[in-house]
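Some notes on the structure that comes next.
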Amino acid sequence: MICLGIEGTAHSIGVGIIENNRRKCIVLSNIIKIYRPKQGGIHPREAANHHAIHLADLIKESINVAGVDFNKIDLISFSQGPGLGPCLRTAATAARALSLSLKKPIMGVNHCVAHLEIGRGTLDECKDPVLLYTSGANTQVIAFAEGKYRVFGETLDIGIGNCLDKFGRKIGLEFPCGPKIEKLAEKGNQYLELPYSIKGMDIAFSGLLTASEQYYQKNKRLEDICFSIQETTFAALTEITERAMAHTDKDEVLLGGGVASNKRLRDMVHKMAEDRGARFFVPSKDLCIDNGAMIAWLGILMYNNGIRLKVEESYIDQRFRTDMVDVSWRD
Ligand code: AMP
Ligand code: MG
């Protein structure tokens, strides 16, 4: 079975094509285009306009790279939520149009679950991980338990990527700020005290963001502030991930989301895993960030498990929670 997946929850628009061959997940193409606001954060309508402008070309490019014909596509999958309404609607509209014109079934999938499933699908040894999903808007620790992907911990305010981007914007960096903060942090050597907010299994970043901005106003060395932001937030993320692993008795950890590109975060989580005798996994970068391939793969898993969606019922859901999905395709 071959599925074309369209991802459009926020600033990225992606089209990926996956072939499912003897239950193996083969990525035939995965084309991504990122909307970069000239200033400020993501404006939902501007992002959606960006997606609408580029989507047709991305679909063609993805088909070309995959080397398949439109008539070889068996299924169209799209990101149903969570995300920004205008962006979700743009991706969903394109998916419906393709489904109707190609006369192929449509599937709507949960974006966060797709981040986890693409890890399981493409990394051979990764079977039952705890996912630390760190992106711009989302920050969740997710694992499978009793028929669903349960959220064991999550941010109570902003996502970790959003925290880094907001601080970056304050100091005059361009979006995305995470990689630039990572570079600055490498030159930091003095730890500045910052709020370490874990509440139960959840986490919060806004107090730390304010405190970091205050350090900046007091002319503390920028490299040290960035270093301290990374050390504090990543340690807290690693802690709640480890607690979820201990609670669920799982011995695999998977990273996902754009912030998973960060070497310091990888090193911390890797070290934690090693100390517990657990295995550590990160998908390739284009499968870590928001991408159409993961949407296509989850579409295949759901379709092959007998799940069906009518075009007229293919609504988007901005608040589509990870634990609303019945994960019937897993044992
Ligand atoms: P996503 O929402 O999953 O597409 O990821 C985008 C987020 O990842 C943005 O907030 C970026 O600033 C952040 N990001 C990307 N690369 C890095 C990095 N190397 N270190 C930290 N954050 C990063
Ligand atoms: Mg994402």
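Brief remarks follow.
- Residue count for the stretch 51-66, restricted to those that are open to solvent by less than 30 Å² (accessible area, probe 1.4 Å) and either farther than 19 Å from PRO82 by Cβ or modelled with pLDDT under 95 (or both): 6
- Here TYR133 fulfils each of the conditions (1) within 16 Å of ligand 2 (Cβ to nearest atom); (2) not assigned by TED's automatic domain parsing to the domain that holds GLN217 apart from (2).
- Number of the condition not met by HIS247 [criteria: (1) in contact (Cβ under 8 Å) with a residue 60 or more places away in the chain; (2) open to solvent by 60 Å² or more (accessible area, probe 1.4 Å); (3) not in a helix (DSSP H, G or I)]: (3)
- Verdict on ILE229 being crowded, with 22+ Cβ neighbours inside 10 Å and modelled with pLDDT of 95 or more: yes
- ILE34 being out of contact with any Asp or Glu (no Cβ under 7 Å at 6 or more places or on another chain), touching a residue at least 12 places away in the same chain (Cβ under 8 Å) and within 23 Å of GLY258 (Cα to Cα): yes
- Exactly one residue out of GLU174, GLU223 is part of a loop (DSSP other than H, G, I, E, B), open to solvent by 30 Å² or more (accessible area, probe 1.4 Å) and touching a residue at least 12 places away in the same chain (Cβ under 8 Å): that is GLU174.
- From the options SER79, SER99, residue that is within 16 Å of ligand 1 (Cβ to nearest atom), of a type in the set (Ser, Thr, Tyr) and either open to solvent by less than 10 Å² (accessible area, probe 1.4 Å) or in contact (Cβ under 8 Å) with a residue 60 or more places away in the chain (or both): SER79
- Residue among ILE118, ILE106 that is within 16 Å of ligand 2 (Cβ to nearest atom), within 20 Å of ILE76 (Cβ to Cβ) and either crowded, with 24+ Cβ neighbours inside 10 Å or assigned by TED's automatic domain parsing to the domain that holds ALA52 (or both): ILE118
The values are calculated or read from the model by the stated rules, or taken from the named source; none is laboratory data. The structure presented is a predicted model; accordingly, all values stated were derived computationally and were not measured. Glycine also receives a Cβ, built like all others from the backbone with ideal geometry; neighbour counts cover every protein chain displayed. Note: areas computed on protein heavy atoms with side chains; ligands, DNA, RNA excluded. Shrake-Rupley method; radii C 1.70, N 1.55, O 1.52, S 1.80 Å.
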